[in-house]
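The values are calculated or read from the model by the stated rules, or taken from the named source; none is laboratory data. What you see is a predicted model, and the numbers here were worked out from it, not measured in a lab. Note that each Cβ is placed from the backbone with ideal geometry, even for glycine, and that neighbours are counted across all protein chains shown.
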Amino acid sequence: MRARAAILSWLLAIGLAVGSGGAAALEVGDTVRLPDVQTLDGRTLPASALAGKPLIVEVWASWCPFCALQNPRLQKLYERTRGSPLQVLTISIDKDPREAGAYLKQRGYTFPVTMDSPALQNAFGKRKGLPELYVIDARGRVVQKEVGEMLEEEVAALERYAH
């Protein structure tokens with residue numbers, strides 16, 4: 001347990017170090033205006049396509065051990081909620097999109113992924129750690145924020161936003 005706490009502290013420090021410019025971190029109750037994003041598979045998701053429905057956004061990296069534990073849980077949620085109003089978008093902070101793409105392919109993940117960008121950093125503000133997950137309601141308001149690994153039942157509980 002101590003080792004896990006030490007690793008989490010280290011990841012939080014790394015998260016702060018790789019965080020975005022001076023923008024304050026997005027918190028529960030804040031409204032976020034998302035930019036258009038391009039997914040790793042080459043599709044453009046206009047901000048209008050992400051608006052008006054609940055959205056889960058996860059920030060992750062291929063080198064993050066807690067992301068490696070949480071992403072399979074997010075994939076299951078993504079598969080269970082397909083066809084519902086709930087959308088999922090993940091943001092890789094890897095420096096090289098090829099690394100993120102190889103990570104996804106190796107693990108069979110199909111959730112939408114975009115690479116971090118100045119526009120996304122401006123929208124979400126300073127990062128607090130990894131993984132970082134936001135639930136944004138249909139009005140663009142952050143209704144839940146989680147920093148660090150979420151357990152299986154915690155990720156599964158996000159399904160409530162699909163209804």
Checklist entry - Which residues, counting only those in region 83-107, are surrounded by fewer than 16 Cβ atoms within 10 Å (Cβ to Cβ), under 22 Å from P65 (Cα atoms) and of a type outside the set (A, V, I, L, M, F, W, C)? => result K95, D96, P97, R98, E99, K105, Q106, R107
Item to check | Members of region 108-139 found to be aromatic (F, W, Y) and either surrounded by fewer than 22 Cβ atoms within 10 Å (Cβ to Cβ) or not in a helix (DSSP H, G or I) (or both), listed by number | outcome: Y109, F111, Y134
Checklist entry - How many residues does region 1-42 hold that are at pLDDT 90 or above, more than 15 Å from the chain's Cα centre (by Cα) and over 25 Å from R141 (Cα atoms)? => result 2
Item to check | Of the criteria (1) in contact with an Asp or Glu (Cβ under 8 Å, 6 or more places away or on another chain); (2) among the basic types (K, R); (3) in a loop (DSSP other than H, G, I, E, B), which one R73 fails | outcome: (3)
Checklist entry - Within the bounds of region 140-147, is there any residue that is over 15 Å from the mean Cα position of the chain (by Cα), farther than 15 Å from R73 by Cα and surrounded by fewer than 17 Cβ atoms within 10 Å (Cβ to Cβ)? => result yes
Next on the checklist: Condition first: closer than 27 Å to T31 by Cβ and either modelled with pLDDT under 95 or in contact with a strand residue (DSSP E or B) (Cβ under 9 Å, 6 or more places away or on another chain) (or both). Now tell me which residues in region 52-70 satisfy that.
Outcome noted: K53, P54, L55, I56, V57, E58, V59, W60, A61, C67, Q70
Next on the checklist: Which residue is farthest from L120 (Cα to Cα), if the candidates are limited to region 54-70 and must be in contact (Cβ under 8 Å) with a residue 60 or more places away in the chain and in a helix (DSSP H, G or I)?
Outcome noted: L69
Checklist entry - Could you list, in sequence order, the residues of region 32-53 that are assigned to a loop (DSSP other than H, G, I, E, B), within 26 Å of K105 (Cα to Cα) and not aliphatic (A, V, I, L, M)? => result P35, D36, D41, G42, R43, P46
Next on the checklist: Against the condition on the phi < 0 side of the Ramachandran plot, touching a helix residue (DSSP H, G or I) at 6+ places or on another chain (Cβ under 7 Å) and surrounded by fewer than 15 Cβ atoms within 10 Å (Cβ to Cβ), how does R80 come out, does it pass?
Outcome noted: yes
Checklist entry - So which of Q87, Q106 ends up being at pLDDT 95 or above and farther than 18 Å from A49 by Cα? => result Q106
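Taking E99, is it among the acidic types (D, E), under 24 Å from A162 (Cα atoms) and not in a loop (DSSP other than H, G, I, E, B)?
Answer is no for this residue.
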Checklist entry - If you check every pair at least six apart or on different chains, which have Cβ atoms under 8 Å apart with a residue in region 26-52 that is over 19 Å from Y134 (Cβ atoms) first and a residue that is surrounded by fewer than 11 Cβ atoms within 10 Å (Cβ to Cβ) second? => result Q38/T44
